[in-house]
């Protein structure tokens, strides 16, 4: 009989094995186009996905940009606590990301969001706003798919409903995207 940790790793490997490499390559191509056209790239999520968004933007904005010689114009919308809480308090929590996009985003920019459930109202509202305003939209979601899977132009579904494993797979995708530019500069 397998121990809990052995079983965990079996399921973890299955989640990682469900990453659709062709879709990750497509997202990398969209990011390359965004970078080449000097467009802005926004990333955001809730909870663990918020931490992943911050980590991803750090790796992209510093590590990948260092290797490319030209900087990615990238921003995690999770990282301005004052603005997040002002929007959440004065409007509604579902406006914390779309409210920021209204200030920063322009047609042709790109957004990427991560959500295990795919149904967080603030993420759904931001992706809908981005679609309505000519941005390229990407969602990384879990097995439940949720509304984001229907809204985003590019969707990666991890075949699991386990929050930890899906968040780990999303961060693996973020590392794949960053290291594509770090280890294989354009």
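Quick note: the coordinates plus some simple rules give every number you see, no bench work behind them. Computed from a predicted structure; not experimentally measured. Neighbour counts run over all protein chains shown; Cβ positions are idealised from the backbone, glycine included.
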Worksheet entry | Most fluctuating residue given options 64, 15, 82, as computed from a GNM of the chain linking Cα atoms under 10 Å | 82
Worksheet item: With a 10 Å Cβ neighbour count serving as the proxy for reagent exposure, in which order, fewest first, do 3, 137 appear?
Response: 3, 137
Item to complete: Answer with a single label: of (1) 55, 40, 28; (2) 52, 42, 29; (3) 65, 32, 26, which was calculated as Cα extents along the principal axes in Å from the structure in view?
Response: (1)
Item to complete: Just rank 31, 114, 182, fewest to most, by other beta-carbon atoms within 10 angstrom.
Response: 182, 31, 114
Response to the item:
Within the set 172, 81, 136, GNM on the chain using Cα springs under 10 Å gives the largest fluctuation to 81
Response to the item:
Expected max-MSF residue from 16, 68, 77 in the GNM of the chain (alpha carbon, under 10 Å) is 68
Response to the item:
If the chain between residue 58 and residue 163 were fully extended at 0.36 nm per residue, the gain over the current Cα-Cα distance would be 35.6 nm
Worksheet item: Mean residue ellipticity at 222 nm from the helices of the chain, using -39,500 (n - 2.57) per DSSP H segment of n ≥ 4 over the full residue count, to the nearest 500 deg cm²/dmol?
Response: -16500 deg cm²/dmol
